[in-house]
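**Q** Right, I'll just put the structure down here and ask away after.
The values are calculated or read from the model by the stated rules, or taken from the named source; none is laboratory data. Everything quoted here is computed from the prediction, not taken from an experiment. All Cβ positions, glycine included, derive from the backbone under ideal geometry; neighbour counts span all protein chains shown. Protein only, heavy atoms only, side chains kept; ligands, DNA and RNA dropped before computing areas. Shrake-Rupley method; radii C 1.70, N 1.55, O 1.52, S 1.80 Å.
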Amino acid sequence: MIRLSRVAFNKIMKEKLNKLVADALKNLKEIKTIEEFREIEIKFLGRKGELAELFKMMGQITPEERKEMGQLLNEAKNKLETEFKQMFEKFEKEELEKSLSKEFFDITYPAIKPEKGSIHILMQLQKEVEDIFSEMGFAIMDGPEIESEYYNFEGLNIPKDHPARDMQDTFFIKDKNDEKHSRLVLRTHTSPVQVRTMEKYGAPLKVIMPGRVFRNESTDASHEHTFNQVEGLLIDKDISIAHLKGVMTEFLSRLFKKEVIVRFRPGYFPFVEPGLELDFSCLLCEGKGCRVCKNSGWIEFMGAGMVHENVLKAGGIDQAEYQGWAFGFGMERLAMMRYGITDIRLFTSGDLRFIKQF
Ligand code: DAH
């Protein structure tokens, strides 16, 4: 390899630079297409292009020379970049004019609207339910979805090893070495919020407690492992089932914007005594009997009853003075009824064809 003197090396670099700039500008004038433009852009200004090569040679010159050469190189780079940019804009404009002259472009045509999300149907319905109960003077309470076994069962008069435990297949979470709050569960119903609310606020109480609940069940068209309930609780002096009948008749009539009739049947739930099931008159056939009400004229709606003395005790309520009722219903069933939805699994399927209908 021939060793060049410093002066010669410096001179060669300058010559190369001048030639590069002249070549690039000449090329730029001659090209006809955007493809040719891209080619020479890469050739001169690309990451491995001619100008980059010169920048690399800077490592071989002294710091003083580097200062001068650096300035020259940067000037050349800026100049070329400006020229190339102008040329690119010229091509762009030509392209646009060409396509505009070829096709009709209606600038008054409305733009594509960005997609907006929407509130899930169950949450819309929950809001409606909350609004109606609020208007009737009920407060709205919240409770944890991961619940202690105590609040989910014992506090509601469902002792360990009691057969009533089998009514609700439970997801257990883990052991905790705390006697009362021994194990954690995914709450199987919203009823635990009853005891929590009694403990926190005492009597009188007039609350609803909407929320998500979980059951360890295999799913089918009418069963899901995750669903939503609304719990209700009214505690005061001289409260009877008559108040429950009045409240539910009013609630359902406001919800369906139609006069609804309710009826009670006996039912068993450990946390109420007496326990009831509430049905309401089928809105589709108005009691005549149809497919939705299985020809009975009635829709099975919810469990309810007078709050059991053990539950009042757990909540620290003085039973000599206060009593009350509670209820719990499923939001999905209500939505399915109202909109004629035939499979509960659609709610959590994430299928936009379903979601977007509401
Ligand atoms: N927690 C019950 C369930 O999930 C529903 C229920 C029944 C709630 C009766 C109540 C009640 O408050 O009084 O099946």
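**Q** I'd like the residue in segment 76-109 that is in contact (Cβ under 8 Å) with a residue 12 or more places away in the chain and among the aliphatic types (A, V, I, L, M) and, out of all such residues, is nearest to Gly46 (Cα to Cα). Outline the logic, then answer.
**A** Within segment 76-109, the subset in contact (Cβ under 8 Å) with a residue 12 or more places away in the chain is 76-77, 79-81, 83-84, 87-88, 91, 95.
Filter once more, so that each one left must be among the aliphatic types (A, V, I, L, M): 76, 80, 87.
Details: Ala76: 14, Leu80: 12, Met87: 16 Å.
Taking the candidates together, the pick is Leu80.
**Q** Mind listing just one residue for me: the one in segment 330-352 that is within 16 Å of the ligand (Cβ to nearest atom) and of a type outside the set (Val, Ile, Thr) and, of those, most open to solvent (accessible area, probe 1.4 Å)? Even if it seems obvious, please write down each step before you answer.
**A** Of segment 330-352, the ones within 16 Å of the ligand (Cβ to nearest atom) are 330-334, 344.
Among the residues that remain, those that are also of a type outside the set (Val, Ile, Thr) are: 330-334.
Numbers: Gly330: 22, Met331: 2, Glu332: 10, Arg333: 131, Leu334: 4 Å².
If we take residues in segment 330-352 being within 16 Å of the ligand (Cβ to nearest atom) and of a type outside the set (Val, Ile, Thr), then Arg333 is most open to solvent (accessible area, probe 1.4 Å).
**Q** Separate question: Taking the condition open to solvent by 40 Å² or more (accessible area, probe 1.4 Å), out of contact with any Phe, Trp or Tyr (no Cβ under 8 Å at 6 or more places or on another chain), away from the ligand (no atom under 15 Å from the Cβ) and at pLDDT below 95, does Lys180 pass? Let's see the steps before the verdict.
**A** Values: open to solvent by 40 Å² or more (accessible area, probe 1.4 Å): yes; out of contact with any Phe, Trp or Tyr (no Cβ under 8 Å at 6 or more places or on another chain): no; away from the ligand (no atom under 15 Å from the Cβ): yes; at pLDDT below 95: yes.
It is false that Lys180 is open to solvent by 40 Å² or more (accessible area, probe 1.4 Å), out of contact with any Phe, Trp or Tyr (no Cβ under 8 Å at 6 or more places or on another chain), away from the ligand (no atom under 15 Å from the Cβ) and at pLDDT below 95.
**Q** Counting only residues that are open to solvent by less than 70 Å² (accessible area, probe 1.4 Å) and assigned to a loop (DSSP other than H, G, I, E, B), which one in segment 28-73 is farthest from Lys93 (Cα to Cα)?
**A** Thr62
**Q** Within segment 208-259, take every residue that is in a loop (DSSP other than H, G, I, E, B) and aliphatic (A, V, I, L, M) and give me the one that is most open to solvent (accessible area, probe 1.4 Å). Steps first, answer last, please.
**A** Filtering segment 208-259 for residues in a loop (DSSP other than H, G, I, E, B) gives 215-219, 221-222, 224-225, 237-240, 257-259.
Keeping just the survivors that are aliphatic (A, V, I, L, M) gives 221, 239.
Values: Ala221: 40, Ile239: 24 Å².
Across segment 208-259, the extreme among qualifying residues is Ala221.
**Q** If you go through segment 286-302, how many residues are charged (D, E, K, R) and within 16 Å of the ligand (Cβ to nearest atom)? Full working, then the answer.
**A** Applying the first criterion (charged (D, E, K, R)) to segment 286-302 yields 286, 288, 291, 294, 300.
If we keep only those that are within 16 Å of the ligand (Cβ to nearest atom) as well, we get 300.
Residues in segment 286-302 being charged (D, E, K, R) and within 16 Å of the ligand (Cβ to nearest atom): 1 in total.
**Q** Go through segment 260-270 residue by residue and tally those that are open to solvent by 20 Å² or more (accessible area, probe 1.4 Å) and part of a strand (DSSP E or B).
**A** 4
Conditions tested, residue by residue: (1) more than 13 Å from the ligand (Cβ to nearest atom); (2) within 19 Å of Phe269 (Cβ to Cβ).
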{"site": "Arg187", "(1), (2)": "no, yes"}
{"site": "Val207", "(1), (2)": "no, yes"}
{"site": "Arg215", "(1), (2)": "no, yes"}
{"site": "Asp220", "(1), (2)": "yes, no"}
{"site": "Ile239", "(1), (2)": "yes, yes"}
{"site": "Gly246", "(1), (2)": "yes, no"}
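**Q** Moving on to the next point. Test each condition in (1) hydrophobic (A, V, I, L, M, F, W, C); (2) modelled with pLDDT under 95; (3) more than 21 Å from Asp131 (Cα to Cα) for Ala242 and report the one that comes out false.
**A** (2)
**Q** Given Glu273, Glu332, Glu277, which one is under 36 Å from the mean Cα position of the chain (by Cα) and either assigned to a strand (DSSP E or B) or over 30 Å from Phe153 (Cβ atoms) (or both)?
**A** Details: Glu273 fails: under 36 Å from the mean Cα position of the chain (by Cα); Glu332 fails: either assigned to a strand (DSSP E or B) or over 30 Å from Phe153 (Cβ atoms) (or both).
None of the other options fit; the residue is Glu277.
**Q** Next question, about the same structure. Is there a residue in segment 110-126 that is part of a helix (DSSP H, G or I), surrounded by 10 or more Cβ atoms within 10 Å (Cβ to Cβ), free of Cβ contacts under 8 Å to residues at least 40 places away in the same chain and not hydroxyl-bearing (Ser, Thr, Tyr)? Write out each step before concluding.
**A** In the first step, residues of segment 110-126 are kept if they are part of a helix (DSSP H, G or I); the result is 121-126.
Then keep just the ones that are surrounded by 10 or more Cβ atoms within 10 Å (Cβ to Cβ); that gives 121-126.
Of the ones still in play, those that are also free of Cβ contacts under 8 Å to residues at least 40 places away in the same chain are 123.
Applying the additional criterion that residues be not hydroxyl-bearing (Ser, Thr, Tyr) yields 123.
Yes: one or more hits.
This table checks each residue for (1) open to solvent by 60 Å² or more (accessible area, probe 1.4 Å); (2) touching a residue at least 12 places away in the same chain (Cβ under 8 Å).
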{"residue": "Met136", "(1), (2)": "no, yes"}
{"residue": "Pro163", "(1), (2)": "yes, no"}
{"residue": "Thr170", "(1), (2)": "no, yes"}
{"residue": "His189", "(1), (2)": "no, yes"}
{"residue": "Lys206", "(1), (2)": "yes, yes"}
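**Q** Now for a different question. Just the residues that are open to solvent by 10 Å² or more (accessible area, probe 1.4 Å) and in a loop (DSSP other than H, G, I, E, B), please, taken from segment 288-316.
**A** Within segment 288-316, Lys288, Gly289, Cys290, Arg291, Val292, Lys294, Asn295, Ser296, His308, Gly316 qualify.
**Q** Is segment 196-204 home to any residue that is closer than 16 Å to Met302 by Cα, crowded, with 22+ Cβ neighbours inside 10 Å and at pLDDT 95 or above? Even if it seems obvious, please write down each step before you answer.
**A** Step one: filter segment 196-204 for residues closer than 16 Å to Met302 by Cα, giving none.
The answer is no, given that none of the residues of segment 196-204 is closer than 16 Å to Met302 by Cα, crowded, with 22+ Cβ neighbours inside 10 Å and at pLDDT 95 or above.
**Q** Is it the case, given these coordinates, that Thr197 is part of a loop (DSSP other than H, G, I, E, B) and within 30 Å of Glu135 (Cα to Cα)? Explain how you work it out, then say what you get.
**A** Values: part of a loop (DSSP other than H, G, I, E, B): no; within 30 Å of Glu135 (Cα to Cα): yes.
Answer is no for this residue.
**Q** Can you spot a residue in segment 136-145 that is outside any loop (DSSP other than H, G, I, E, B), modelled with pLDDT of 95 or more, within 13 Å of the ligand (Cβ to nearest atom) and not hydroxyl-bearing (Ser, Thr, Tyr)?
**A** So the first thing to find is which residues in segment 136-145 are outside any loop (DSSP other than H, G, I, E, B), and the list is 139-140.
From what's left, modelled with pLDDT of 95 or more: 139-140.
Within this subset, residues satisfying the condition of being within 13 Å of the ligand (Cβ to nearest atom) are none.
Within segment 136-145 (the criterion being outside any loop (DSSP other than H, G, I, E, B), modelled with pLDDT of 95 or more, within 13 Å of the ligand (Cβ to nearest atom) and not hydroxyl-bearing (Ser, Thr, Tyr)), the answer is no, since none of the residues qualifies.
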